[in-house]
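Encoded as structure tokens, the structure appears first; notes follow it.
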Amino acid sequence: MFCEKAVELIRELHRMGDGQLPAFNEDGIRQVLEEMKALYEQNQSDVNEAKAEGRSELIPTIKFRHCCLLRNQRCIAAYLYDRLLRIRALRWEYGSVLPTNIRFHMCAEELDWFNQYKKSLATYMRSIGGDGGLDITQDMKPPKSLYIEVRCLKDHGEFEIDDGTVILLKKNSQHFLPRWKCEQLIRQGVLEHVIS
Amino acid sequence: MDPSEVEFLAEKEMVKIIPNFSLDKVYLIGGDLGPFNPGLPVEVPVWLALNLKQRQKCRIVPPEWMDVEKLEEIREQERKEDTFTPIPSPYYMELTKLLLNHAADNIPKADEIRTLVKDIWDTRIAKLRLSIDSFINQQEAHAKLDNLTLMEINTTRSFLLDSLNCMYKLRTNVQPSTAAEKTMDY
Amino acid sequence: MDTQSYLPVPPGVGKEENFFSLDDILLSHERLPCRLETKFPRLGFLEKSSDTRDIPEGTKMEMPLWVAKGLYEQKRRVLAVELPKVYREGWRTVFGADPNVVDLHKMGPYYYGLGSQMLHFDSPENPDVAQAILQTFIGRFRRIMDSSQNAYDSDTSALVERLDCLERALFREGQNGLNAFQRWEKGHAHLTASNLVINYRKRKLADMNV
């Protein structure tokens, strides 16, 4: 049956229901596009034949191929769209710099889209909340205090806080830091929020 | 909504404290606070009360309803009635947790109160489930949610909405509209 | 972080599909027994049992739902779609007796979705099918709700295994609400690492072990 490759692309995403981004399946997309090209060409020649020789019995076949074309189109559109939803989510979960292994899974256009999204979000955040702007990716839960106790889960190097002091985030070291400075690192699994 | 957001809203409720310091009136966007005089009761939002309490700057006076006798009465009432009875505070669950966790020493019979409030909560949640089920079963179109609190609705909101949505779609199947236009999905 | 940033396009449920929904694309890939009522020239290679050039009129073959929907016409006879067994009278009676005993995952897993989609094809049984899937949903609802609201510690995998896709989604939604509340009640209000990040790390480790 036609369109099996296209559905394989959809299954690939569906298997990762938690929002992880599988590697961009360039080969799969290419195969679907090739199938579409073949379907289109066959249909075009059959349409011409039906018209020229009045062979109306070809119409069901033409309609069938047309369905397949539309089906392939839907699958590819859904594949690309769902990937964009995942890529958008990455900005919120990881922050503006993505780990290399994730970037490797994106195609050039997707990287470009991610950068554009990052920029629009940054522009928007600068435009609200007065002079300093407002980081809307912070304080996803109502904060209880300005400072929190955190433990380092891995070596992360030097880290500058508001007043200019630089501290060293070394594995297993414990610090008392401004909450808004840590939130992203906690989300990334570098720091762990300690509740005494 | 995340329960922590509901709790955040509850922190705006007013509670009486007896401060042990003095401070002039403070003018804030959300309203004026104080003045504070040692030994003189004053009403402040819960978030401030807890903050002061943690720094040992005040004693919290528990709300009137946070009392064993009153809560026992409410519990009996709740068990007797089929519908949801009016609750003395729209944030009874959140306030109980906040005040008991941070100011248990200011609340007489704290443990009994905790159990009573939990009993009331459980009774109400069981009722809520029962009414959701009969709502679905009888394919009702609207329901009255009188006297339910935000936290109670919040525990089941998305589940209920999704279920009702499914039921609505499946019901639409049974009564096909006369003008059923055909759309194409490939 | 509890709030998920990745929210996939939800399925349409009912008669309308959601164009971008992955669930709906997989649902519309379900195969239906069909009978072709016209000849399909030059497509013989799609029908494995014969090696003719055309698919002749009267051929019985399985077609994905999306093909059936695309070709089906009310006025012209192009193909006839047979109702899958689960929606026929025999099974409808079983469901009517006690919808809770049925393994809807095995019978589906898109029991409600496919049932609703079948209404696109004219059949005198349609009103009964629509009524049957609605009653099945109502009949199984209490179980799904109760188990999703009590399941914090107990093992529910046996029950979940027997749920249709739509029911599973509801079950998960119910559990999320309950879990969030119970975490709050126990005072676990601290910030946590993103689930997505954690899952990525797990996968990386798994890859390294291969």
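The values are calculated or read from the model by the stated rules, or taken from the named source; none is laboratory data. This one's a predicted model, so the numbers in the text were calculated from it and none came from an experiment. Note that each Cβ is placed from the backbone with ideal geometry, even for glycine, and that neighbours are counted across all protein chains shown. What goes into the accessible areas is simple: the full protein's heavy atoms, side chains included, and nothing from ligands, DNA or RNA. Shrake-Rupley method; radii C 1.70, N 1.55, O 1.52, S 1.80 Å.
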What about B:Leu95, is it at pLDDT 95 or above and in contact with an Asp or Glu (Cβ under 9 Å, 6 or more places away or on another chain)?
yes
**Prompt:** Scanning for something of a type in the set (D, E, K, R), in contact with a Lys or Arg (Cβ under 8 Å, 6 or more places away or on another chain), over 26 Å from A:Arg55 (Cβ atoms) and within 10 Å of chain A (Cβ to nearest Cβ), does segment C:33-55 turn up at least one residue?
**Reply:** no
Among residues of segment C:118-156 being modelled with pLDDT of 90 or more and touching a Lys or Arg at 6+ places or on another chain (Cβ under 7 Å), the residue farthest from C:Pro11 (Cα to Cα) is C:Asp128
Scanning segment C:112-124 residue by residue, those aromatic (Phe, Trp, Tyr) and under 11 Å from B:Leu170 (Cβ atoms) turn out to be C:Tyr112
Cβ pairs under 7 Å, 6+ apart or interchain, first in segment A:127-143 and hydroxyl-bearing (Ser, Thr, Tyr), second open to solvent by less than 60 Å² (accessible area, probe 1.4 Å), ordered by first then second residue, are A:Thr137/A:Trp92
Of the listed residues (C:Val101, C:Val81, C:Val94), the one being more than 10 Å from every other protein chain (Cβ to nearest Cβ), of a type in the set (Val, Ile, Thr), more than 30 Å from A:Leu85 (Cα to Cα) and touching a residue at least 24 places away in the same chain (Cβ under 8 Å) is C:Val81
Every listed condition ((1) surrounded by 19 or more Cβ atoms within 10 Å (Cβ to Cβ); (2) more than 25 Å from the chain's Cα centre (by Cα)) holds for C:Asn199 save (1)
### Query
Taking C:Glu161, is it open to solvent by 40 Å² or more (accessible area, probe 1.4 Å) and away from chain B (no Cβ under 11 Å)?
yes
Of the candidates B:Ala104, B:Ala126, the one satisfying the condition of being surrounded by fewer than 20 Cβ atoms within 10 Å (Cβ to Cβ), within 20 Å of C:Gln182 (Cα to Cα) and either of a type outside the set (Asp, Glu) or touching a residue at least 12 places away in the same chain (Cβ under 8 Å) (or both) is B:Ala126
Check segment C:55-63 and report whether any residue there is closer than 30 Å to C:Thr192 by Cα, of a type in the set (Asp, Glu) and not assigned by TED's automatic domain parsing to the domain that holds C:Tyr112. no
By residue number, the members of segment B:72-128 that are over 17 Å from the mean Cα position of the chain (by Cα) and charged (D, E, K, R) are B:Glu72, B:Glu73, B:Glu76, B:Arg79, B:Lys80, B:Glu81, B:Asp82, B:Asp105, B:Lys109, B:Asp111, B:Glu112
Scanning segment C:58-114 residue by residue, those in contact with a Leu (Cβ under 6 Å, 6 or more places away or on another chain) and over 21 Å from C:Ser28 (Cβ atoms) turn out to be C:Thr59
Only unsatisfied item for B:Lys12, checking (1) closer than 30 Å to B:Phe159 by Cα; (2) open to solvent by 70 Å² or more (accessible area, probe 1.4 Å); (3) touching a Lys or Arg at 6+ places or on another chain (Cβ under 6 Å), is (3)
The one condition B:Asp32 fails out of (1) modelled with pLDDT of 95 or more; (2) part of a strand (DSSP E or B) is (1)
The helices (runs of 4 or more DSSP H) lying wholly within segment B:40-130 that contain at least 2 residues that are under 30 Å from C:Ile144 (Cα atoms) are B:68-80, B:92-103
Quick count over segment B:146-172, residues being closer than 27 Å to B:Pro88 by Cα and touching a residue at least 12 places away in the same chain (Cβ under 8 Å), is 12
Being among the aromatic types (Phe, Trp, Tyr), assigned to a helix (DSSP H, G or I) and out of contact with any strand residue (DSSP E or B) (no Cβ under 8 Å at 6 or more places or on another chain) narrows C:Phe45, C:Phe19 down to just C:Phe45
Residue set C:Tyr111, C:Tyr72; condition more than 9 Å from every other protein chain (Cβ to nearest Cβ), closer than 24 Å to B:Tyr168 by Cβ and at pLDDT 90 or above; output residue C:Tyr111
When every residue in segment C:22-42 that is among the charged types (D, E, K, R) and in a loop (DSSP other than H, G, I, E, B) is compared, the one most open to solvent (accessible area, probe 1.4 Å) is C:Lys39
Within segment B:27-47, does at least one residue satisfy the condition of being in contact (Cβ under 8 Å) with a residue 40 or more places away in the chain and open to solvent by 80 Å² or more (accessible area, probe 1.4 Å)? no
Per the filter on segment A:2-31, residues surrounded by 13 or more Cβ atoms within 10 Å (Cβ to Cβ), hydrophobic (A, V, I, L, M, F, W, C) and within 13 Å of chain C (Cβ to nearest Cβ) are A:Phe2, A:Cys3, A:Ala6, A:Val7, A:Leu9, A:Ile10, A:Leu13, A:Met16, A:Leu21
Quick count over segment C:50-93, residues being under 14 Å from C:Met118 (Cα atoms), in a loop (DSSP other than H, G, I, E, B) and over 22 Å from the mean Cα position of the chain (by Cα), is 2
The residue that is nearest to A:Lys171 (Cα to Cα), considering only those in segment A:137-160 that are within 14 Å of chain B (Cβ to nearest Cβ) and not hydrophobic (A, V, I, L, M, F, W, C), is A:Tyr147
